[in-house]
Each structure stands twice: as C-alpha cells, then as structure tokens.
Amino acid sequence: MARPKRSEVQIQDNMLKDLLSALCTNLKTIRESKQMTQKDLAYKSKLSLSTITAIEQKSLQNLNLSTLTAICTALKISPIELLSTRL
C-alpha cells in the first residue's frame, strides 16, 4: 500500500480536528439544551465527571467508541447529531 502524501495526511488531520472540535462543542450545546449538568450526564452515561469535563474543554486525549456510545445513549441522540459540523 502506498503511503499517503504529506498534503493528504495534513488534510485528514485537519478534518479529524474539525470533527473533534464539533463533537466537543455539540456535546455542551446539546447537554445544556436538555437542561442537564455535566454531573447529570456523567451519572446517566456511567462516565466520570472528569471525562465529560475534559471532552467539553477539548482536553481529552483519547475518545473511544464506547465513550461516544455512552454519551449518545444518555443524551438520547444519534452519534451523527453529536458529530455534526452543522448543528
């Protein structure tokens, strides 16, 4: 398999950064629209408060699929809603 060109990697990195930024912003917006505190979301998603806070502050180092699923289930939304760049 050929290695991607540097410009292609940079575009992919930028797209991933944009997607993660949208997720962090959308999480706070959606959570607040449902009148939930971070503590409420942590409890309902069975995640730690520090995880929820880190995501909203864009400081979480690792975000996996199970975390994303737990958040979406707790908020009763689809992953597409959380990841949308057009919220």
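Rg and Dmax of segment 11-87, based on Cα coordinates, read 11.6, 37 Å.
Each residue of segment 17-30 is assigned a 3J(HN,Hα), and the resulting list reads 4, 5, 5, 5, 5, 4, 4, 5, 5, 5, 4, 5, 4, 5 Hz, derived from the Karplus form 6.51 cos²θ - 1.76 cosθ + 1.60 (θ = phi - 60°), x at Gly and Pro. Note that segment 43-87 carries a Kirkwood radius of 11.0 Å, evaluated over its alpha carbons pair by pair.
Readers should treat all values here as calculations from the given coordinates under stated rules, not as data from a laboratory. Values in this document were obtained by computation on a predicted structure and should not be read as measured data.
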